[in-house]
Amino acid sequence: MKNNISVERKEYLKKIRKRKFTIIFLQIAILVAFLVIWEILANLEIIDSFITSKPSRIFETFMNLSSNDLLKHILVTTYETVIGFLIGTTLGVFIAIILWWSDYLSEIFEPYLVVLNSLPKVALGPIIIIWVGAGTPAIIVMAVAISLIVTILENLNGFLKTDKEVIKMAKTFKATKFQILTKIVIPANISTFINSLKVNIGLSLVGVISGEFLVSKAGLGYLIVYGGQVFKLDLVMTSVIILGILAGIMYGAVLLLEKVITKTRFNI
Amino acid sequence: MKQILEVKNISKKYQGKEGEVLAINNVNFNIKEGEFVSIIGPSGCGKSTLLSIIAGLEDKTTGDIYIEGEKINGISEKIGYMLQRDCLLEWRNILNNTIFGLEIKNNIDKASKQYVIDLLKKYDLYDFINKYPSELSGGMRQRVALIRTLATRPKILLLDEAFSALDYQTRIMVTNDIYEILRKEKITTLMVTHDISEAISMSDRVLVLSKRPGTIKNIHEINFDIDNRTPINCRERTEFTNYFNILWKELGVDEK
């Protein structure tokens, strides 16, 4: 098979490879151009580097990780995000299962969920701080608060949309509600679950950073606020860039998990 | 031959906000071992409800159902049920789809698994046991669904418009396939369909339900003098058209 690739096929594959290459090349080129122009404009003092900082100084700050305790701040933010993400997702899926199990409960709680969903969770910040104290727990609760309701709604919605005919089929074999849950509803909703993972990792990060803005002695959110207050724009910019990278890595981890999950055919 | 299914005085009333609706009124009939019986009736006459009641998926208002002389309540082990769609689980391979019912009933042992494997071999699906439903044709999927139902060794099989989701050509082929399997395995079958020709081509008897509230209007014996009767070769006979005309009139689709 491999030996008889037609000319047209070769052309086609070449075209695809070329397109892929140019896209990656342009993506990198835009970034490089942006950084170079930024640096030049700052050096020529066309823009005020006190306000905008500049790439070389950001790089310097980044290299002096230890002097700024940057690594510690990164770890704190990562830790809070991961814990918030895990709690928010697990708790959310668990509550969604309970509400699927009892349509009576789900009807009772529906208006509360709807209101809580549209409420901006950041507004709960001060209340959370008073209740659980200013510190890491408050930040984690914030992350959970932001991701929890969405997780419940998304997963419950998926559970309820599970093919009724398939559930009926299981019932004809006298399946129990627990069997319907574990053998049909959950496996049928793996993609819903993965979607909520993707959304939640971003939401948890939002929760953690806004929590760190309000109360914290460490973390990237703290660094950003602190840097802003003392006009250390190098520090602010570096933190923002690291935050971007961190978000990218976490999202990548979820994508990797998705690949592993979808590749494994569960015979459940 | 011995009676497998006895349906006595079944009625069903629905309670709604607007009041009560009598959907089925006093239905009685029996099915003998090995028989293939169809129920036809105008749409909305309650034929699918009747089947759901026999399967134990829906409550009845009055009446009793007996299988092999034993009164049943709710979903019975002795009944197999096939729905309109094959309802295969896309995340399970074919083998695990066919043993799904056994698994639910906690009934997987060597003998039952061997029975499933024998059926898969007999009906040309054994080469596909590691494939997934999306890799199979509509007809093959329906055969897998049938084997899933037969795996639990039901005394009677209920087919609820089981072929109506298929396109016309596949449908004719699948009815032929399924009919052959049911005859070979000597499965007693009760089928609900809106398709008169499907009912004639497969059944030994056809029950005609009246429009709502559904009651039995008439029972027709279907006889084709063919040695190797199949749904397809029945369709070529003149009797087929005669039966069709009789049943068509009886359904009273024209009447208002």
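The values are calculated or read from the model by the stated rules, or taken from the named source; none is laboratory data. Keep in mind that this is a model prediction, so the values were computed, not measured. Note that each Cβ is placed from the backbone with ideal geometry, even for glycine, and that neighbours are counted across all protein chains shown. These accessible areas exclude ligands, DNA and RNA; they are computed on the full protein's heavy atoms, side chains included. Shrake-Rupley method; radii C 1.70, N 1.55, O 1.52, S 1.80 Å.
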Fill in the blank from the handout: Being closer than 21 Å to A:Gly228 by Cα and surrounded by fewer than 11 Cβ atoms within 10 Å (Cβ to Cβ) narrows A:Ile47, A:Ile51 down to just A:Ile51
Completion exercise
Among the residues of segment B:101-119, the number that are more than 7 Å from every other protein chain (Cβ to nearest Cβ) and open to solvent by less than 10 Å² (accessible area, probe 1.4 Å) is 3
Exercise for the section: Go over the candidates A:Lys183, A:Lys174 one by one and state the one that is in contact with a helix residue (DSSP H, G or I) (Cβ under 8 Å, 6 or more places away or on another chain), within 14 Å of chain B (Cβ to nearest Cβ), not in a helix (DSSP H, G or I) and not hydroxyl-bearing (Ser, Thr, Tyr). Expected result: A:Lys174
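Do the conditions hold for A:Leu116, that is, is it part of a helix (DSSP H, G or I) and open to solvent by 30 Å² or more (accessible area, probe 1.4 Å)?
Values: part of a helix (DSSP H, G or I): yes; open to solvent by 30 Å² or more (accessible area, probe 1.4 Å): yes.
Yes; evaluated as a whole, the condition is true for this residue.
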Problem - Checklist (1) within 11 Å of another protein chain (Cβ to nearest Cβ); (2) part of a loop (DSSP other than H, G, I, E, B); (3) without any contact (Cβ under 8 Å) to a residue 40 or more places away in the chain applied to B:Asn73, failing item - result: (1)
Completion exercise
A:Val230 meets each of (1) free of Cβ contacts under 8 Å to residues at least 24 places away in the same chain; (2) crowded, with 17+ Cβ neighbours inside 10 Å; (3) not small (Gly, Ala, Ser) with one exception, condition (2)
Exercise for the section: Test B:Ser164 against the stated conditions and say whether it is surrounded by fewer than 17 Cβ atoms within 10 Å (Cβ to Cβ), within 14 Å of chain A (Cβ to nearest Cβ) and of a type in the set (Ser, Thr, Tyr). Expected result: yes
Completion exercise
Of the candidates B:Glu33, B:Glu68, B:Glu6, the one satisfying the condition of being under 15 Å from the mean Cα position of the chain (by Cα), more than 25 Å from A:Lys164 (Cβ to Cβ) and open to solvent by 20 Å² or more (accessible area, probe 1.4 Å) is B:Glu33
Exercise for the section: Scan segment A:137-160 and give yes if some residue there is farther than 19 Å from A:Thr89 by Cα and either in contact (Cβ under 8 Å) with a residue 60 or more places away in the chain or of a type outside the set (S, T, N, Q) (or both), otherwise no. Expected result: no
Exercise for the section: Please verify whether segment B:183-190 includes one or more residues that are within 14 Å of chain A (Cβ to nearest Cβ), surrounded by fewer than 16 Cβ atoms within 10 Å (Cβ to Cβ) and not hydrophobic (A, V, I, L, M, F, W, C). Expected result: no
Exercise for the section: Give the residue, chosen from A:Leu246, A:Leu181, A:Leu214, that is open to solvent by less than 60 Å² (accessible area, probe 1.4 Å), in the same structural domain as A:Ser118 (by TED's automatic domain parsing), farther than 30 Å from B:Gly56 by Cβ and not acidic (Asp, Glu). Expected result: A:Leu246
Completion exercise
For segment A:149-171 the number of residues that are in a loop (DSSP other than H, G, I, E, B), open to solvent by 50 Å² or more (accessible area, probe 1.4 Å) and within 14 Å of chain B (Cβ to nearest Cβ) is 1
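Go through segment B:50-65 and count every residue that is within 14 Å of chain A (Cβ to nearest Cβ) and under 18 Å from the mean Cα position of the chain (by Cα). Walk me through how you get there before you give the answer.
First, pick out the residues of segment B:50-65 that are within 14 Å of chain A (Cβ to nearest Cβ): B:51-59.
From what's left, under 18 Å from the mean Cα position of the chain (by Cα): B:51-58.
Number of matching residues: 8.
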